[in-house]
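As C-alpha cells, the structure follows; a few thoughts come after it.
The values are calculated or read from the model by the stated rules, or taken from the named source; none is laboratory data. No experiment lies behind these values; they were computed from the predicted model shown. Cβ sites come from the backbone with ideal geometry, for glycine too, and all protein chains shown count toward neighbours. Calculation scope for accessible area: heavy atoms of the full protein, side chains included, ligands and nucleic acids excluded. Shrake-Rupley method; radii C 1.70, N 1.55, O 1.52, S 1.80 Å.
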Amino acid sequence: MTGDSAAQIRSLEMADPLREPVLCAAIAALQLQSGSRGLDIGGGIDLQSVLLAEATGPEGHVTGLDSSLDLLAYARERVGESSFAK
C-alpha cells in the first residue's frame, strides 16, 4: 500500500461518521425492497456498500467497485468483517 492510499483511507475513515447520516437518508429515500441489488461505483472503503447491504437485507446483493486496488483490498477486509459478507 502506498503512502497516498494510506492517507486516503485515514481520511475516508474520519469522514465516515459525518457522511453516514446523509447516506442513510439517501438510501432510505430509495425505498429499496428486501432482496434488491445494488452497485456502489467509486466506493472507497465501502461505507456505502455496507449501508446498501443493510437496506437490501440478507437476500440482497451489493457490489462495490473502485479504481484503487489498495482501497478495494481495504474495503474487502472491512466488509469481510461485517455480518453482510457472503
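Within the set of pairs 6 or more residues apart or between chains, which connect a residue that is closer than 14 Å to residue 50 by Cα and touching a residue at least 24 places away in the same chain (Cβ under 8 Å) inside the range 23-37 to a residue that is outside any loop (DSSP other than H, G, I, E, B) and open to solvent by 70 Å² or more (accessible area, probe 1.4 Å) with Cβ atoms less than 6 Å apart?
Close Cβ pairs satisfying both conditions: 37/61.
Looking at (1) open to solvent by 70 Å² or more (accessible area, probe 1.4 Å); (2) in a helix (DSSP H, G or I); (3) among the acidic types (Asp, Glu), which one does residue 16 not meet, given that it meets all the others?
(1)
So which of 60, 38, 44 ends up being open to solvent by less than 30 Å² (accessible area, probe 1.4 Å), in contact with an Asp or Glu (Cβ under 7 Å, 6 or more places away or on another chain) and not β-branched (Val, Ile, Thr)?
44
Within the group 81, 20, which residue is without any contact (Cβ under 8 Å) to a residue 60 or more places away in the chain, touching a Leu at 6+ places or on another chain (Cβ under 7 Å) and not polar (S, T, N, Q)?
20
Within the range 30-40, how many residues are more than 28 Å from residue 8 (Cβ to Cβ) and part of a helix (DSSP H, G or I)?
Here the count works out to 0.
So, in the range 41-86, of the ones that are β-branched (Val, Ile, Thr) and assigned to a helix (DSSP H, G or I), which residue ends up farthest from residue 24 (Cα to Cα)?
Within the range 41-86, the match that is farthest from residue 24 (Cα to Cα) is 79.
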